[in-house]
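Data first, discussion second: the structure below is written as structure tokens.
The values are calculated or read from the model by the stated rules, or taken from the named source; none is laboratory data. Note that the coordinates shown come from a computational prediction; the quantities given were computed from them, not determined experimentally. Because the Cβ atoms are built from the backbone with ideal geometry, glycine has one as well, and the counts that use them run over all protein chains shown.
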Amino acid sequence: MRVDVAVTPDGLDRAAIAGSRVLVIDVLRAATCIVSALANGCAGIVPVATPEEARLRLAAQPDALVAGERRGEPLEGFDLGNSPLEFTRERVGGRVVIMTTSNGTRALLAARGAIAIGVAAFVNLGAAAAWALDGRRDVLLLCSGERGARSLEDHVCAGLLAERLLASEPAARATQAAEAAVELAGPYGKDVARLAHDSSWARHLASRGRALDVAACLSLDTSSLVPEYRPNVDKVVAAKG
């Protein structure tokens, strides 16, 4: 079993994806939103690449909701933005949500072709690690990044996940990228909230009045739910325990 980390979806090795279980990470904020939505009874998340595609999907499924952002800001005319605090049971319970975000949904779509695709953030870190170990297949921890560049919070999350995977499976071998992520994550292991200061994107969100979002996203192991993207039904749903 190999544990690997990709800091962005760009240039992914399609052959490696085909033989791996992939965890897509977007801490701030899409992955955390997806966990929150499904925990609150959402019927499924449909990830799409662009706002235009989201609107086309909505025209074909008018009972759905549309959610998304670009550069952290909600999209005009959409029902929801990209705040985990918005995805309440009252808003999303029993509803399908069509979602497009700057980075997270792009990474989910890039992971198609994997053996299985899960969604990870700090809020479900332990559950996501256990999901990744199922079947003892190769694991790719895929960071969504920030518009093609590395995202510190995603990279740290990948490092903490890799650390848990390697501790749980003695036969697992880490790639150089995974080892680097584990080293990066070390200082954050007991205090991921430090990223509210250290992450440039966390600081940006806070400056835009979204400090409560940042705090919610930088909470460790508050959920046991693992979202699973199933391209055959074109939805992200809660993985079966």
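Worth pointing out:
- Count of region 2-32 residues, restricted to those that are in contact with an Asp or Glu (Cβ under 6 Å, 6 or more places away or on another chain), over 20 Å from Ser200 (Cα atoms) and crowded, with 18+ Cβ neighbours inside 10 Å, is 1.
- Strands (runs of 3 or more DSSP E) contained entirely in region 39-142, each with at least 1 residues that are farther than 18 Å from Arg230 by Cα and in contact with an Asp or Glu (Cβ under 8 Å, 6 or more places away or on another chain): 65-70
- Any chance Ala114 is at pLDDT 95 or above, in contact with a Lys or Arg (Cβ under 8 Å, 6 or more places away or on another chain) and of a type in the set (A, V, I, L, M, F, W, C): yes
- Look at region 229-241: where a residue is closer than 16 Å to Ala120 by Cβ and a partner is part of a strand (DSSP E or B) and among the charged types (D, E, K, R), sitting 6+ places away or on another chain with Cβ atoms under 8 Å, you get Tyr229/Lys235; Val236/Glu228; Val236/Arg230; Val237/Glu228; Val237/Arg230; Ala238/Glu228; Ala239/Glu228.
- Tally of residues being over 21 Å from Asp10 (Cα atoms) and touching a residue at least 24 places away in the same chain (Cβ under 8 Å) across region 150-183: 11
- Among the residues of region 184-199, the ones that are in a helix (DSSP H, G or I) and buried (at least 20 other Cβ atoms within 10 Å of the Cβ) come to 3 in all.
- Residues being part of a loop (DSSP other than H, G, I, E, B) and either acidic (Asp, Glu) or modelled with pLDDT under 95 (or both) are represented in region 157-170 by at least one member.
- Being among the basic types (Lys, Arg), in contact with a Ser or Thr (Cβ under 7 Å, 6 or more places away or on another chain) and over 11 Å from Val27 (Cα atoms) holds for only one residue in Arg150, Arg203, and it is Arg150.
- Residue within region 18-30 that is part of a helix (DSSP H, G or I), farther than 15 Å from Gly118 by Cβ and of a type outside the set (Asp, Glu) present: yes
- Every condition in (1) closer than 22 Å to Val192 by Cα; (2) in contact with a Gly (Cβ under 6 Å, 6 or more places away or on another chain); (3) of a type outside the set (A, V, I, L, M, F, W, C) holds for Gly126 except the one numbered (2).
- Across region 200-229, the number of residues qualifying as part of a helix (DSSP H, G or I) and β-branched (Val, Ile, Thr) comes to 1.
- Residue in region 88-109 that is surrounded by 17 or more Cβ atoms within 10 Å (Cβ to Cβ) and in contact with a His (Cβ under 7 Å, 6 or more places away or on another chain) present: no
- Taken as a whole, region 131-149 holds no residue that is closer than 19 Å to Met1 by Cα, of a type in the set (Lys, Arg) and without any contact (Cβ under 8 Å) to a residue 40 or more places away in the chain.
- Taken over region 220-238, the residue count meeting the criterion of being under 14 Å from the mean Cα position of the chain (by Cα) and either within 19 Å of Arg71 (Cα to Cα) or among the small types (Gly, Ala, Ser) (or both) is 2.
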